[in-house]
Every structure is written in structure tokens, then in C-alpha cells.
Amino acid sequence: MRGPRASGMLLSPDSEKTTSMTLTPRRAPRPLAAAQVPGLLRPGMNVYVAGSSGEPSTLFEVLKAQSPAAAGVHFIQFPIPPLNATDFTALTPTTRQSVFFRSPALRDAEPARLHFVPMHMRRVVDRLVAEPPDLALLQVAADADGVLRIAANADFAGAVCDNGHTRVVAALNPDLPVPRGAPSAAGRIDDLVEDLPGFVPEFPAPKIDDVAARIGAHVAGLIRDGDCLQTGIGAIPAAVLGGLSDKRDLGFHGGLIDDGVLALIECGAMTGQAKTFEARRHVAGMVLASAAAQARLAERDDVDLRGADHTHEAGIIARIDNFVSINSAVEVDVMGQINGEFAGGRQISGTGGSVDFMRAVRGSRGGRSIVALPATARGGSVSRIVERVEMVTALRTDVDLVVTEHGVADLRDRSLGERRERLAAIAAPEFRDALLKGEEL
């Protein structure tokens with residue numbers, strides 16, 4: 001177990017830096033046994049469950065053991081696979097679930113009771129404020145100084161903790177390392193559950209193959225000293241980060257902080273010194289990392305976890321010069337439209353925060369948007385550069401540069417004809433002629 005339990009934790013607001021909304025004063029949280037949580041549920045109730053590394057997953061066994069209590073309840077979550085794999089609709093035949101991101105774990109859920117809501121990550125905050133849930137289940141942990149903090153996902157914490165309507169139940173995770181810059185739990189939770197086992201939600205390290213390495217090298221060549229980066233999840237972002245150790249004074253402001261970002265901080269390539277806003281601070285919404293990286297992040301004083309109304313907010317990013325958004329995609333068409341969420345006729349992920357960042361770079365002086373993806377799928381039999389995407393996640397006006405293992409297509413200020421030519425040039429060679437002729441692949 002790490003540090004003191006709640007009785008010895010500091011619950012003063014201390015150096016709270018992360019909320020952008022007025023806090024609703026609360027008294028000290030009431031102790032609540034885990035077995036009592038299902039008793040809080042009522043038919044018709046909307047229940048927010050923190051996702052990603054903030055999910056109170058040890059509480060779910062109690063919910064499953066008392067599953068009839070979930071009858072008629074509507075659960076709301078932004079799940080990130082593979083960390084979040086609970087199908088709440090399985091609790092009872094009348095339980096419903098809304099998600100802002102699709103997970104393979106929900107593939108067998110009954111469609112009539114599982115609702116996918118396509119929504120940019122920044123707008124999820126607004127929805128939760130406008131339509132506050134009745135109950136919120138989230139996770140807290142003590143930082144290295146014993147201060148209780150919301151852990152380790154701040155994306156929507158402010159929206160559910162500070163709206164004045166939602167009853168907030170926090171499960172204490174005694175083993176989770178949390179940065180000192182995570183949101184303080186002081187005055188923001190109603191009930192504290194302490195009788196649950198601890199765990200560290202590790203995010204699996206991506207496997208960087210030759211294609212990802214080549215793409216990473218191309219993207220790394222587009223990064224300049226002093227740029228402020230945002231990266232996503234997967235092998236390509238990991239390969240990009242792994243190729244930047246020779247850069248100087250990089251900054252970071254994004255949705256997640258992982259092992260690759262921490263490695264750049266620790267080697268001195270990422271200092272935040274050149275950031276024109278929040279200089280020398282590394283800002284993210286959540287921690288998605290190995291246990292070892294989480295422990296090291298918890299010892300740092302320059303890492304802040306902030307809500308999506310800060311990390312994904314265009315007005316904030318506009319204050320950061322040379323902001324570079326780096327995201328992946330399922331496919332890109334010859335006009336530059338991006339599909340990042342749909343394949344084979346079905347929803348495989350979600351909009352997430354990629355479009356928030358792609359559009360926010362327009363306000364950043366020197367900002368640019370990069371979309372990186374392999375040129376082919378299914379063992380090379382299918383081109384990812386296509387005549388028309390299956391689903392438009394990002395508009396053709398949202399992206400500046402597209403990168404595959406075959407090179408870089410700069411689409412800025414290019415006509416439709418030029419875009420086709422440049423994108424065909426970075427497609428796999430066997431598909432280039434068809435793309436130039438406008439043939440369906």
C-alpha cells in the first residue's frame with residue numbers, strides 16, 4: 001500500500017490548479033462501505049462512471065454481486081480499451097449504457113440498450129454540465145505528499161464533481177501513484193469508499209513494427225525544436241515519440257501522457273521551456289502508462305492533469321505557439337477526409353479528441369495537424385488511401401499533413417487535384433495508378 005489511508009490524508013485544497021469551474025463547497029466526505037454503493041441506485045437514475053485509468057473497477061464486483069439494484073439504471077462512460085471492459089447492460093435486462101467510444105468488450109451488448117454517442121471529447125464536458133448525472137462513480141488516490149486527488153483521469157472530473165447536482169462517490173485506490181498536479185479531491189466528493197483492494201491500471205506497451213518505425217521517422221522529421229506536441233494511442237505515436245530524443249525544449253499538451261512522453265521529459269528533450277502558455281508544465285487529461293512510468297510521474301512536480309475543457313479547448317491551445325497535433329486514422333481519402341472510427345460497416349472506436357486538436361491548431365501560431373497511418377491494411381491487400389472514406393470523422397479542411405511509411409503529403413493550400421496526386425504518392429505503389437485515375441479500390 002502507498003502512503004496513508006484517508007484518515008491521514010490532507011484534504012485541504014493546497015495548490016489546486018486544475019478546475020476551470022467554480023467549486024461547490026462540500027463537507028468532508030462521508031465514509032461508505034463498498035457493499036452500500038448498489039443501494040444508492042434507483043430506476044431511472046443516470047450514473048456516470050469514470051473511464052480510462054480513472055475507472056473504479058474494483059467496485060464493479062460489488063455491483064455484479066447485487067446486480068438487481070441496477071434495474072432501470074442508465075450508466076454513462078467514455079471507455080478506453082483495453083482498460084475499460086465492463087458491459088453494464090449485462091447487469092439486468094433493463095439496464096442501459098451510453099458510451100462516447102466503442103470498445104471490443106461491448107460487442108455482445110444488446111444494441112437496444114447500448115447507445116453510442118458520437119461526440120468530440122471537448123463537447124462531452126458540456127453535455128455532462130448541461131445534463132448532470134445523478135450519481136458519479138470515480139477513483140481517488142493519495143499523491144506522494146498524502147493529498148487525496150482524483151486519479152488518474154481528469155477529463156470529465158470537473159463536469160461531474162462541480163455541477164452542484166451530482167452525488168459523487170469516490171473509491172480510494174491505496175496502490176495507485178498519482179501526480180501532484182492531478183485535481184484535488186478536497187470539497188469535491190460526497191462519499192469515500194475505502195474497503196476496496198488496490199491496483200495499478202497498466203496500459204499495454206504498443207508493439208512498434210517496421211512500418212510504424214518508418215512512419216515515426218517521417219513524422220519526427222517534421223518536428224522542430226520548441227514545438228508543443230499532442231499525441232494519441234498506439235504504435236505510431238510511440239514510434240514518433242521514440243524518434244525525438246535529439247530535439248530540444250519540446251512541450252507537451254494533450255489528452256494523455258504515457259511512457260513515451262515521460263521518456264522525452266526524463267532525457268531532457270521535452271522541457272516545456274518554449275511553451276508560450278503554461279511554460280515548463282506538462283499537461284494531459286489522463287495517465288496511460290506502465291506501472292513503472294506511473295510511479296515516476298507521481299514523483300514529478302511539473303505534470304498536471306486537467307479536464308477536457310482545458311486540454312482540448314481551442315482557446316487554450318491558441319495561446320500555445322507551434323502546437324503540433326499528431327493522430328492516427330483508419331483511412332484517408334483523396335480529398336483529405338479522415339475516417340478514424342469506422343471499418344467494415346461498423347463502429348470500432350469513436351471520435352475521441354482528435355478532431356478537437358486538429359481544429360484547435362488553426363489558432364496556434366505555427367500550429368499544424370498531422371495524421372499518420374500505414375499505407376495498407378489486411379496484410380497489404382487493402383489500401384488505406386482510398387477514393388472515399390467509409391465515415392467522415394475529420395473534414396478535408398482539418399488536416400495539414402498526412403504521413404505513411406512511403407512519405408509525407410502536405411495538403412496545405414492544395415487544390416483537390418493536387419491533394420489526389422500528393423496522397424497517391426504516399427499510397428502503397430500497387431494502388432497509386434488506380435488512385436490517380438479515380439478508380440474505386
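The values are calculated or read from the model by the stated rules, or taken from the named source; none is laboratory data. Small disclaimer: the values here were computed from a predicted structure and weren't measured. Note that we place each Cβ from the backbone using ideal geometry, even for glycine, and neighbour counts take in every protein chain shown. Keep in mind that these areas ignore ligands, DNA and RNA; they rest on the heavy atoms of the full protein, side chains included. Shrake-Rupley method; radii C 1.70, N 1.55, O 1.52, S 1.80 Å.
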For the structure I just gave you, tell me whether Leu395 is closer than 30 Å to Asp126 by Cβ and either open to solvent by less than 10 Å² (accessible area, probe 1.4 Å) or in contact (Cβ under 8 Å) with a residue 40 or more places away in the chain (or both). yes
Test: residue in the range 200-217 that is among the hydrophobic types (A, V, I, L, M, F, W, C), buried (at least 22 other Cβ atoms within 10 Å of the Cβ), modelled with pLDDT of 95 or more and farther than 20 Å from Gly51 by Cα: yes
Out of Ala136, Ala154, Ala142, sole residue that is modelled with pLDDT of 95 or more, more than 27 Å from Asp356 (Cβ to Cβ), buried (at least 21 other Cβ atoms within 10 Å of the Cβ) and not polar (S, T, N, Q): Ala142
Could you grab me the full set of residues in the range 157-175 that are surrounded by fewer than 24 Cβ atoms within 10 Å (Cβ to Cβ) and part of a loop (DSSP other than H, G, I, E, B)? Asp162, Asn163, Gly164, His165, Thr166, Pro174, Asp175
Go through (1) in contact with a Lys or Arg (Cβ under 6 Å, 6 or more places away or on another chain); (2) in a strand (DSSP E or B) and name the single condition Ile326 misses. (1)
Considering every residue within the range 268-286, establish whether at least one is touching a residue at least 60 places away in the same chain (Cβ under 8 Å), within 23 Å of Ala308 (Cα to Cα) and either in contact with a Leu (Cβ under 6 Å, 6 or more places away or on another chain) or surrounded by 24 or more Cβ atoms within 10 Å (Cβ to Cβ) (or both). yes
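Kindly evaluate Thr404 against the criterion of being under 21 Å from Ala238 (Cβ atoms), under 24 Å from the mean Cα position of the chain (by Cα) and modelled with pLDDT of 95 or more.
Answer is yes for this residue.
Would you confirm, using the coordinates I've provided, whether Val261 is in contact with a helix residue (DSSP H, G or I) (Cβ under 9 Å, 6 or more places away or on another chain), assigned to a strand (DSSP E or B) and under 15 Å from Gln230 (Cα atoms)?
no
Yes/no matrix, rows are residues, columns are (1) of a type in the set (A, V, I, L, M, F, W, C); (2) in a strand (DSSP E or B):
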| position | (1), (2) |
| --- | --- |
| Ala360 | yes, no |
| Gly366 | no, no |
| Pro374 | no, no |
| Arg388 | no, no |
| Val402 | yes, yes |
| Asp413 | no, no |
| Arg420 | no, no |
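Per-residue answers, yes or no, for (1) more than 17 Å from the chain's Cα centre (by Cα); (2) surrounded by fewer than 18 Cβ atoms within 10 Å (Cβ to Cβ); (3) modelled with pLDDT of 95 or more:
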| position | (1), (2), (3) |
| --- | --- |
| Ile76 | no, no, yes |
| Arg102 | no, no, no |
| Glu110 | yes, yes, no |
| His120 | no, no, yes |
How many residues does the range 345-360 contain that are touching a residue at least 12 places away in the same chain (Cβ under 8 Å) and either open to solvent by 10 Å² or more (accessible area, probe 1.4 Å) or closer than 16 Å to Ser52 by Cβ (or both)? 11
Would you mind stating whether Ala85 is part of a loop (DSSP other than H, G, I, E, B), in contact with a Pro (Cβ under 8 Å, 6 or more places away or on another chain), surrounded by fewer than 20 Cβ atoms within 10 Å (Cβ to Cβ) and at pLDDT below 95? yes
Please specify each residue of the range 376-385 satisfying the condition of being open to solvent by 20 Å² or more (accessible area, probe 1.4 Å) and not in a loop (DSSP other than H, G, I, E, B). Thr376, Ala377, Val382
Looking at the range 415-441 only, could you name the residues that are of a type in the set (D, E, K, R) and out of contact with any Asp or Glu (no Cβ under 9 Å at 6 or more places or on another chain)? Glu418, Arg419, Arg420, Glu421, Glu430, Arg432, Lys437
Would you be able to say whether some residue in the range 227-245 is over 30 Å from Thr404 (Cβ atoms), in contact with a Lys or Arg (Cβ under 9 Å, 6 or more places away or on another chain), open to solvent by less than 10 Å² (accessible area, probe 1.4 Å) and part of a loop (DSSP other than H, G, I, E, B)? no
With the structure loaded, tell me whether Val178 is at pLDDT 95 or above, surrounded by 23 or more Cβ atoms within 10 Å (Cβ to Cβ) and in contact with a Phe, Trp or Tyr (Cβ under 6 Å, 6 or more places away or on another chain) or whether it fails that test. no
Filtered residues of the range 306-323 (kept if in a helix (DSSP H, G or I) and open to solvent by 30 Å² or more (accessible area, probe 1.4 Å)): Asp309, Ala314, Gly315
Does the range 122-143 contain any residue that is farther than 25 Å from Gly254 by Cα, assigned to a helix (DSSP H, G or I) and touching a residue at least 24 places away in the same chain (Cβ under 8 Å)? no
When only residues in the range 422-441 that are of a type in the set (Asp, Glu) and outside any helix (DSSP H, G or I) count, which is modelled with the lowest pLDDT? Glu440
